[in-house]
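Visitor: The structure follows.
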Amino acid sequence: MEPTHEFGASPAVAAVAAVGSPAVISVRGEALLVVEPEVVDLTVVISAQAKDRREAFERLVKRNDEMLALLRSYGDSVERVESSGVAVHPEVRRGGRDEKIRSYSGAVRVEVRIADFAVLGEIVSRVADLDAARLEGPRWRLRRTSPVYRKARTRAVGEALTRAQDYAEALGSRITGLIELADTGLMQSEHVRAPGYIPAAGGVAYGAAMPAEPPVLDLEPASQEVRASVEARFYATQPMFEIKAED
């Protein structure tokens, strides 16, 4: 005897077993860490000017030596001191058809990296107290080898896996394998910037001489944001869909 259906009865519900090829779940994992900086960079520009070229250069040498001696007196607190540029040139006064040299100017540019933030304010104040000194910065940042970058990448991968598992669970399936994992955009062969810190912008300029005992400038480190983003594709079992049986 064939089964009969009573009028008004609830339709039967059947579960369809997983069949066919594996399902694919594609996700993005992101991480954002806010951390304290590890080093701070400054740029010091020493300048000199005089009527005579030789005199201008001698002034420049003297002021540069004073500045380098000051920075080196802090020992390991100043991690790096590098001269990045030197310029000596005439200042020309133009009038009519003639050109006349009125003076000579010179400048030395020095890049400074400070690891000990406790002495940063003092260094800034003392460098600013030097004759004809201009200070640019501070530029807070992390070291290129900072473990924070690895931590951010690891979190981004973990976020991608968690998100894929959440999707699979919502579908009634489970993750069975990894197809591909890449930095965001690389799956589409797009150029992306590697995750990194966003340097804090800022600048302080000094030129005039200060009192014999310059005040110490209190500088607060700027927090650094480290971002990481990955894309991943996973194999998953086919979901268990519930369908209504035909009447």
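The values are calculated or read from the model by the stated rules, or taken from the named source; none is laboratory data. Remember, it's a predicted structure, so these values are computed and weren't measured experimentally. Ideal geometry is used to build each Cβ from the backbone, glycine not excepted, and the neighbour counts take in all protein chains shown. When the accessible area is computed, the model is the full protein with side chains, heavy atoms only, and any ligands, DNA or RNA have been set aside. Shrake-Rupley method; radii C 1.70, N 1.55, O 1.52, S 1.80 Å.
Visitor: Could you check how many residues of the range 66-93 are open to solvent by 60 Å² or more (accessible area, probe 1.4 Å) and under 19 Å from Gly106 (Cα atoms)?
Guide: Looking only at that region, the number is 7.
Residue-wise test of (1) surrounded by 12 or more Cβ atoms within 10 Å (Cβ to Cβ); (2) closer than 14 Å to Ser26 by Cα; (3) modelled with pLDDT under 70.
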| position | (1), (2), (3) |
| --- | --- |
| Arg163 | yes, yes, no |
| Gly203 | no, no, yes |
| Met210 | yes, no, yes |
| Leu219 | yes, no, no |
| Gln224 | yes, no, no |
| Met240 | yes, no, no |
| Ile243 | no, no, yes |
| Glu246 | no, no, yes |
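Visitor: Let me ask something else about it. Between residues in the range 42-68 that are over 14 Å from Gly85 (Cα atoms) and residues that are of a type in the set (D, E, K, R) and surrounded by 19 or more Cβ atoms within 10 Å (Cβ to Cβ), which pairs lie under 7 Å by C-beta distance while being six or more apart or on different chains?
Guide: Taking only residues 6 or more apart or on different chains, the pairs are Ala48/Arg59; Ala48/Arg63; Ala50/Arg59.
Visitor: What number of residues within the range 39-65 satisfy the criterion of being in contact with a Phe, Trp or Tyr (Cβ under 6 Å, 6 or more places away or on another chain), crowded, with 19+ Cβ neighbours inside 10 Å and more than 30 Å from Phe117 (Cβ to Cβ)?
Guide: The qualifying residues number 1.
Visitor: I'm told Ala152 meets every condition in (1) at pLDDT 90 or above; (2) open to solvent by 40 Å² or more (accessible area, probe 1.4 Å) except one. Can you identify the failing condition by its number?
Guide: It is condition (2) that Ala152 fails.
Visitor: Yes or no: Val192 open to solvent by less than 70 Å² (accessible area, probe 1.4 Å), closer than 20 Å to Gly29 by Cα, in a loop (DSSP other than H, G, I, E, B) and at pLDDT below 95?
Guide: Details: open to solvent by less than 70 Å² (accessible area, probe 1.4 Å): yes; closer than 20 Å to Gly29 by Cα: yes; in a loop (DSSP other than H, G, I, E, B): yes; at pLDDT below 95: yes.
The answer is yes for Val192.
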